[in-house]
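> Quick one: structure below, then a few questions.
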Amino acid sequence: MGIMRSVLLAAAQNRWLKEQAPKYGFVRRTVKRFMPGERLEDALAAAKALEAAGMGSVFTHLGENVTDAAEAAAVEEHYEEVLRRVREAGLGTEVSVKLTHLGLDLSAELCRENLEKIALAARQQGGRGTVWIDMEGSGYVDRTLDIFRRARGGQENVGVCLQAYLYRTSKDLDELLPLEPAIRLVKGAYQESAEVAYPRKQDVDANYLDLAKRMLEARRGGRKVRAAMATHDAALIRRIQEESKRLGAGQRDCEFQMLYGIQSGEQRRLAREGWKSVVLVAYGSHWYPWFMRRLAERPANVMFALKNLAGN
Ligand code: FDA
């Protein structure tokens, strides 16, 4: 892992910085590159524009590691409100949640109940949309997959994120595929040791491609897997498209997901070419750790932040 990435990911966990950073104008200006705004209304306006351009959207209300059951319940209620507002706006937007935002640090049972309320609300809103579960640090993977399996036992409309940087993901994918799940494949955004995750980027990329191929093959083999390839890596996207064609699969066999404000040209290109192109739109005021992970993904983002500082 590069030094810059390590420093930024360590800073993402720092409480003092979490309180201080949002006070600075240049930080807030940099955050704007990745978020349409802090309010749900900002996310709804962005989703409308994306839909008009032929793209889908997924909303995530920023926050993680809540330490209070009432706060976790408020997050759950907020997502119910989001689903209602999305339906009223006539949008096809899905939601993506972090289990530690729904109380996983407090109790797995409480968290599962909150998740299932959101999944139920999504179904009652009449949509067939997926409620996605983000994957957080490696210490949460077992509990996340356990909650995913249990939730999925009762409700079809729950999907989960898997991280290609973890050695274990290959086995996790094997075990999940028979469930015909919705899987969002990412490279992985947290600080992990070489004991659990590939330290070299080229190994992460190779594992991503291998996992993506297996998801596509499962689909071609008749399994109703929803294969969501969440990456901005244009070279990898092309390899996946080629693989999809090699397997004789159509554009419906996989979809691409990216983050708001990143590789927007690529997002539009995919949509124009007939691929399902979905944009994850984050909003809310608790953006600090999430924003630091975005900086860590690309050193040029740090330069962008510094330029904003210079323009102060
Ligand atoms: P990579 O990091 O190799 O980047 C490829 C290229 O994309 C870069 O060269 C650059 O051009 C561009 N790029 C990538 N990141 C950028 C950034 N921040 N700013 C500007 N340009 C950037 N992770 C996780 O651990 N759990 C999760 O639940 C999720 N959920 C999730 C959902 C969706 C829809 C996406 C797209 C990503 C996630 N992630 C995630 C984040 C993921 O793990 C990963 O950290 C980022 O997507 C960056 O990796 P890439 O695959 O884009 O490749």
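> Scan the range 80-104 for residues that are buried (at least 19 other Cβ atoms within 10 Å of the Cβ), touching a residue at least 40 places away in the same chain (Cβ under 8 Å) and part of a loop (DSSP other than H, G, I, E, B) and report the count.
6
> What's the number of the only condition in (1) under 23 Å from residue 162 (Cα atoms); (2) free of Cβ contacts under 8 Å to residues at least 60 places away in the same chain that residue 124 fails to meet?
Just one mismatch for residue 124, condition (1).
> Further question on the same structure: Report yes if residue 226 is over 21 Å from the mean Cα position of the chain (by Cα) and open to solvent by 20 Å² or more (accessible area, probe 1.4 Å), otherwise no. Let's see the steps before the verdict.
Working: over 21 Å from the mean Cα position of the chain (by Cα): no; open to solvent by 20 Å² or more (accessible area, probe 1.4 Å): yes.
Judged against the criteria, residue 226 is not a match.
> Report the residue count in the range 266-281 for those that are at pLDDT below 95 and of a type in the set (Gly, Ala, Ser).
1
Yes/no per residue for (1) open to solvent by 20 Å² or more (accessible area, probe 1.4 Å); (2) touching a Gly at 6+ places or on another chain (Cβ under 9 Å); (3) of a type in the set (Ser, Thr, Tyr); (4) under 30 Å from residue 7 (Cα atoms):
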position	(1), (2), (3), (4)
257	no, yes, no, yes
266	yes, no, no, yes
270	no, no, no, no
275	no, no, no, no
279	no, yes, no, yes
282	no, no, no, yes
286	yes, yes, no, yes
291	no, no, no, yes
298	yes, no, no, yes
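> If you don't mind, there's one more thing I want to ask. For the range 258-274, enumerate the residues that are out of contact with any Ser or Thr (no Cβ under 6 Å at 6 or more places or on another chain) and at negative phi.
Going through the range 258-274, the residues out of contact with any Ser or Thr (no Cβ under 6 Å at 6 or more places or on another chain) turn out to be 258-266, 268-269, 272-274.
Matches in the range 258-274: 258, 259, 260, 262, 264, 265, 266, 268, 269, 272, 273.
> Being away from the ligand (no atom under 16 Å from the Cβ), in contact (Cβ under 8 Å) with a residue 60 or more places away in the chain and at negative phi narrows it down to one of 285, 277, so name that one. Working first, answer last.
Numbers: 277 fails: away from the ligand (no atom under 16 Å from the Cβ).
Being away from the ligand (no atom under 16 Å from the Cβ), in contact (Cβ under 8 Å) with a residue 60 or more places away in the chain and at negative phi holds for just one of 285, 277, which is 285.
The values are calculated or read from the model by the stated rules, or taken from the named source; none is laboratory data. This one's a predicted model, so the numbers in the text were calculated from it and none came from an experiment. FYI the Cβ positions are ideal-geometry reconstructions off the backbone, even for glycines, and counts take in every protein chain you see. We work out accessible area using only protein heavy atoms, side chains counted, and drop any ligands, DNA or RNA first. Shrake-Rupley method; radii C 1.70, N 1.55, O 1.52, S 1.80 Å.
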